[in-house]
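S.K.: If you scroll down you'll find the structure; I have some questions about it.
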Amino acid sequence: MSKKQIKLEARDINAYYGDFHALKGINVAMEEKTVTAFIGPSGCGKSTFLRIFNRMNDYIDGFKTEGEILLDGENIYAKNVLVDELRKRVGMVFQKPNPFPKSIYENVVYGLKIQGMSNKAALAEAAEKALHQAALWNEVKDNLNKSALALSGGQQQRLCIARALAISPSVLLMDEPASALDPISTAKIEELIHQLKEQYTIVIVTHNMQQAGRVSDTTAFFYMGELVEHAKTKTIFTNPKDKRTEDYITGRFG
Amino acid sequence: MNHLDKELLAIKDKVNEMWSLVEFQMLAGKDALLNGDEELLRKIIKRGKKVNAYDIKIDRMCENIFALYNPVAVDLRWLMAILKINANIERIGDSSEGIAQLIREANFPVDPELLETTRVLEMYDAAESMLADVQRAFYEENTELARDLIKRDKLLNKIHVKTDKVIIRYIQAHPDNINQSLKVSGIIRKLERIGDQITNIAEEIIFYVDAKVVKHKQKKKRGKDPQ
Ligand SMILES: Nc1ncnc2c1ncn2[C@@H]1O[C@H](COP(=O)(O)OP(=O)(O)OP(=O)(O)O)[C@@H](O)[C@H]1O
Ligand SMILES: [Mg+2]
């Protein structure tokens with residue numbers, strides 16, 4: 001393994017929806033500026049786990065987490081942590097593109113405005129930078145005031161990535177970000193992930209095995225709330241250690 | 001059985017058929033060496049063409065699976081192994097064809113003294129049984145047997161190394177039989193190659209079953225568990 005710093009680390013994470021034990025004793029460490037893919041059958045807990053990294057599950061009644069999530073070595077579940085501050089450091093992109101029914105520009109600067117930024121020039125600069133990073137700038141630069149809803153699905157998803165990047169997080173969580181997109185848009189998102197990892201630590205949930213293979217450095221396979229295996233993506237796809245991993249990735253599950 | 005499994009099974013069947021062709025070439029070669037059966041020699045050479053056609057067909061089948069199924073893990077290793085096993089079976093076929101040519105040029109009957117002192121028949125027997133066993137190792141995914149084959153190849157190498165000396169001595173004693181000496185020496189070289197090709201196949205079997213690469217180890221370490 002390389003000498004990169006550990007950016008995110010889960011220690012003995014258990015999570016419950018009421019009585020249901022959704023995540024069971026999970027330990028995993030992710031190095032900074034790498035892409036980690038979460039794979040596993042539907043309902044195994046990938047999204048639940050992903051959302052633990054920015055405390056998105058806090059909203060759910062009856063949800064309970066035990067264990068620690070260390071972001072740059074600090075536990076994000078510690079009492080003194082402000083969730084708002086956390087969200088600035090950990091951005092998230094969802095499965096379905098979900099732009100607000102506002103202009104493209106307003107979508108990108110939304111988070112910054114909430115944070116209290118009001119300087120027009122600074123906002124415009126941040127918007128341009130984020131749209132560049134999301135590889136959308138060239139397609140929208142002449143229509144920044146157009147409604148975001150008029151964009152194609154693939155463009156909307158990149159807009160949502162731009163929105164997440166605008167607040168300058170250092171971690172980007174993506175829950176099946178390309179599952180609703182056509183192959184060309186998917187390829188663009190994947191290309192984008194490759195570029196973004198120079199600056200961001202990325203965690204992506206995907207049901208597309210080839211996508212996991214193409215974009216990630218390490219892959220974690222989850223099964224029924226357990227982390228079965230986490231290793232270099234190359235290893236997982238050529239020579240996984242666990243029979244369950246092999247059965248899953250070769251499509252011979254169950 | 002899922003769809004990919006069916007495709008893989010179809011490849012396995014093809015490899016099996018190709019293996020039988022090559023096995024025939026080997027067995028018939030030894031017969032022809034002993035009884036000069038020209039008809040057999042013709043058949044060996046004709047089967048060679050068939051073997052080549054199988055080689056191409058199997059490559060195509062693998063290619064399609066790579067393109068359409070994105071095979072991973074054990075499937076990927078298996079296909080990679082099949083590509084190499086296929087290539088090696090094809091080369092064993094080539095070697096057998098070459099031997100048939102040499103037998104023809106040796107002009108039956110070959111002096112029994114030459115056959116005896118060069119140990120060429122012994123080599124033939126060893127290579128034949130190795131070929132049968134490597135096929136078995138493949139079907140049973142038997143890495144122990146595969147490792148054993150890598151060791152057994154040493155006998156072929158040992159006989160081969162001594163060939164030049166033995167042949168020179170034979171020629172000194174029988175200066176009128178240089179032609180047969182050279183042909184038998186050629187046959188031995190090809191049998192030695194066949195031993196290597198079988199060894200390559202055995203290594204591929206170990207690779208896909210255990211995911212361990214045993215190739216390119218130093219000769220003396222061969223056959224031992226790499227761990
Ligand atoms: N809000 C909730 N309340 C109760 N149970 C939930 C809730 N959300 C998820 N679960 C359960 O927790 C388990 C894990 O769900 P999760 O959404 O994390 O799975 P996933 O791996 O992301 O699946 P998918 O691939 O289908 O998105 C499932 O059994 C699910 O039914
Ligand atoms: Mg999910």
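S.K.: Hey, among B:64, B:86, which residue is part of a helix (DSSP H, G or I), at pLDDT below 95 and away from every other protein chain (no Cβ under 13 Å)?
M.R.: B:64
S.K.: Let me ask something else. Please enumerate the residues belonging to region A:11-57 that are in contact (Cβ under 8 Å) with a residue 60 or more places away in the chain, away from ligand 2 (no atom under 12 Å from the Cβ), within 20 Å of residue A:233 (Cβ to Cβ) and of a type outside the set (Lys, Arg).
M.R.: A:26, A:27, A:28, A:30, A:31, A:32, A:34, A:35, A:36, A:37, A:53 - these are the residues of region A:11-57 that are in contact (Cβ under 8 Å) with a residue 60 or more places away in the chain, away from ligand 2 (no atom under 12 Å from the Cβ), within 20 Å of residue A:233 (Cβ to Cβ) and of a type outside the set (Lys, Arg).
S.K.: Give me the residue from region A:34-67 that is aliphatic (A, V, I, L, M) and surrounded by 15 or more Cβ atoms within 10 Å (Cβ to Cβ) and, out of that set, farthest from ligand 1 (Cβ to nearest atom). Write out each step before concluding.
M.R.: The first filter runs over region A:34-67 and keeps only residues aliphatic (A, V, I, L, M), leaving A:35, A:37, A:39, A:50, A:52, A:56, A:60.
In the following step, the residues that additionally are surrounded by 15 or more Cβ atoms within 10 Å (Cβ to Cβ) were identified as A:35, A:37, A:39, A:50, A:52, A:56.
On the way: A:35: 18, A:37: 13, A:39: 9, A:50: 8, A:52: 10, A:56: 11 Å.
Out of the qualifying residues, it is A:35.
S.K.: Being under 23 Å from residue A:17 (Cβ atoms) and either away from ligand 1 (no atom under 16 Å from the Cβ) or not in a helix (DSSP H, G or I) (or both): is that true of residue A:91 here?
M.R.: no
S.K.: Considering only region B:69-83, how many residues are surrounded by fewer than 19 Cβ atoms within 10 Å (Cβ to Cβ) and either under 15 Å from residue B:205 (Cβ atoms) or away from chain A (no Cβ under 12 Å) (or both)?
M.R.: 2
S.K.: Would you mind stating whether residue B:110 is buried (at least 17 other Cβ atoms within 10 Å of the Cβ) and not in a helix (DSSP H, G or I)? If you could, list the steps in order and put the result at the bottom.
M.R.: Details: buried (at least 17 other Cβ atoms within 10 Å of the Cβ): yes; not in a helix (DSSP H, G or I): yes.
For residue B:110, the condition - buried (at least 17 other Cβ atoms within 10 Å of the Cβ) and not in a helix (DSSP H, G or I) - is met.
S.K.: Looking at region A:66-76, is at least one residue closer than 25 Å to residue A:3 by Cα, more than 13 Å from ligand 2 (Cβ to nearest atom), in contact with a Lys or Arg (Cβ under 9 Å, 6 or more places away or on another chain) and without any contact (Cβ under 8 Å) to a residue 40 or more places away in the chain?
M.R.: yes
S.K.: Oh, and also: Considering only region A:184-203, I want to know if a residue exists there that is more than 16 Å from ligand 2 (Cβ to nearest atom), more than 18 Å from the chain's Cα centre (by Cα) and either on the phi > 0 side of the Ramachandran plot or modelled with pLDDT under 95 (or both).
M.R.: Looking through region A:184-203, at least one residue is more than 16 Å from ligand 2 (Cβ to nearest atom), more than 18 Å from the chain's Cα centre (by Cα) and either on the phi > 0 side of the Ramachandran plot or modelled with pLDDT under 95 (or both).
The values are calculated or read from the model by the stated rules, or taken from the named source; none is laboratory data. What you see is a predicted model, and the numbers here were worked out from it, not measured in a lab. When we count neighbours, we look across all protein chains shown, and the Cβ atoms used for this are built from the backbone with ideal geometry, even at glycine.
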